[in-house]
1. Can you give the charge dipole size of the chain about its Cα centre, rounded to the nearest 20 debye, using +1 on the beta carbon of Lys and Arg and -1 on the beta carbon of Asp and Glu?
2. Of the options Leu403, Phe439, Ile450, report the single residue whose Cα projects farthest towards the positive end of the charge dipole of the range 380-529 (beta-carbon charges: Lys, Arg +1; Asp, Glu -1).
3. With only alpha-carbon atoms in the gyration tensor, what are the semi-axes of the equivalent ellipsoid for the range 415-518, in Å, largest first?
4. Checking the cross-link filter: which aspartates and glutamates have an alpha carbon closer than 20 Å to that of Lys18, excluding same-chain neighbours under 8 positions apart?
5. Which aspartates and glutamates does Lys524 reach when only Cα atoms under 19 Å apart count, and residues fewer than 8 places away in its own chain are ignored?
6. First measure r as the distance between the Cβ atoms of Ile518 and Tyr133, then evaluate 1/(1 + (r/R0)^6) with R0 = 60 Å and state the FRET efficiency to the nearest 0.05.
7. Got a sec? Charge dipole of the range 68-178, +1 on Cβ for Lys and Arg, -1 for Asp and Glu; which of Met112, Pro162, Leu142 is way out at the positive end?
8. Just grab the label-to-label distance for Trp529 and Val391, each label 7 Å out from Cα along the Cβ direction, in nm (one decimal).
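The values are calculated or read from the model by the stated rules, or taken from the named source; none is laboratory data. All values reported here derive from a predicted model rather than from experimental measurement. Cβ sites come from the backbone with ideal geometry, for glycine too, and all protein chains shown count toward neighbours. Each accessible area value is taken on the protein alone, full model and side chains, heavy atoms only, with ligands, DNA and RNA left out. Shrake-Rupley method; radii C 1.70, N 1.55, O 1.52, S 1.80 Å.
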Amino acid sequence: MAGGFVAFSGDSPAFQAKMTVYVFICVVIAAVGGLIFGYDIGISGGVTAMDDFLMKFFPAVYERKKQAHEDNYCKYDNQFLQLFTSSLYLAALVASFFASATCSKLGRKPTMQLASVFFLIGVGLASGAANMYMLIMGRILLGFGVGFGNQAVPLFLSEIAPARLRGGLNIVFQLMITIGILIASVVNYFTSSIHPYGWRLALGGAGIPALILLFGSLLICETPTSLIERNKTEEGKATLKKIRGVEDVDEEYQSLVNACEFARQVKDPYRRLMKPESRPPLVIGLLLQLFQQFTGINAIMFYAPVLFQTVGFGNNAALLSAVITGSVNVVSTLVGILLVDRTGRRFLLLQAAVQMLSCQLVIGIILAKDLGVKGTLGKTEAMIVVILVCVYVMGFAWSWGPLGWLIPSETFPLETRTEGYALAVSCNMFFTFVIAQAFLSMLCAMKSGIFFFFSAWIVVMGLFALFFVPETKGVSIDDIKDSVWKRHWYWKSAWIVVMGLFALFFVPETKGVSIDDIKDSVWKRHWYWKRFMHQNDEHD
């Protein structure tokens, strides 16, 4: 039935809340964690294109780059060069599980403070690296900072925001990522001409936002959810009044208390995540991370300078072009902040899928037709590619980029929230690692075909969003289960299927059996339960 595929936008209790100045300050300070992440994404591509950096750590790549007749698609194909970028994300994958425990036991705020400490140590090692080991160790510690920051910040933003503004305030994290990428592009542009230490300045720049996060976090509060979860109920209620800007918070406070009491009954959250009732947020949370990376965005943003060099721009022109795409990224994310709580999450996902697919296909066709292994594109074709990349970045920046972080942070129930989100973050970092480690080799092997590869993934993710991603706009974060999952055309039927299978395989027939003969006539003869009856008999 056609109507069955329309996701339900459920009603939710209208808790009283104002948008206070204090909440705005907390949001901006916490989101600086995204600024550091974005700076690293942007700085990696620029640094790996700097000759001084390549001569010191990757001389083989530098020699290949110098060749007069270099291969447009293969000149940067080096596993160790890719490891420089991707090692951070592998470390972040591991760190996200430690960050989950820290979020639960200590709170969101201390987790962000730990992230800033990891960032500062990592920046010191990477920017001061005298050899490859120091460089990679610095990247790994930066990865721990990313893992802790990306775990704590989106959860903090979702829990502190009023329901009606949760989407926009959460996307401030993504906005800071885009601002970080833009700042990194500007830094790359100017430090590329500072010899021989420009790359050290570029890498060391990440220390500034790390210091802002470390000291700024002293000004922000812990989330009421985290406080109540850790039995600090009075402090939690006082904080709730402070961030909501109203005195009457009893209804929302009681909702949080009930959610925390239920969460305490769950002794093994990871085991609970494997149960059928946890399947909707888990499946969507993990697949959104996969799809976010396989849009091809990191392939473009990591190596924007490399990409623009490939289509015929010089070193500085390539970095300048990255500044242009970074500016588009920031402005488009602002558009996402304005739209997400008006149009909803699904509309943005679907609209952007069409936009990104069109751009990827046309870029692939132009490169396949006009760019060979040697030579460059004509000026007209090169400018068309730049424009299409900008239009592509627009679509990602107001949809799959921010919503990949927003939707998982708001859909897990409290009893599995930090653990479920940790799995989502680790999944994101794993696929970011895969793309970062494989992209240059894929570009070398597939050439222009890489854009058709990502186009196929965009088709898949668009269909997934159309049929399986529900609308969560305006729904209280602790009311998602009843207002969304139990009313969605597919996920509600998934519950019914699970219950039906349980009845089919595990519920025995008791019709006509004496109530005192159930054990011998039913339980001891049932294919599954009989093993437990025999064990009990032996124990007795």
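1. Values: 44 positive and 38 negative charges, 136 e Å.
So the dipole magnitude of the chain works out to roughly 660 debye.
2. Result: Ile450, furthest along the dipole toward the positive end.
3. 43, 20, 16
4. By straight Cα distance, Lys18 reaches Glu159, Glu222, Glu235, Glu247, Asp248, Asp250, Glu251, Glu252, Asp341, Glu410, Asp478, Asp479.
5. Counting by Cα, and skipping residues close in sequence, Lys524 has these aspartates and glutamates nearby: Glu509, Asp516, Asp537, Glu538, Asp540.
6. Plugging the Cβ-Cβ distance into 1/(1 + (r/R0)^6) gives 0.35.
7. Value: Pro162.
8. Output for this residue pair reads 6.3 nm.
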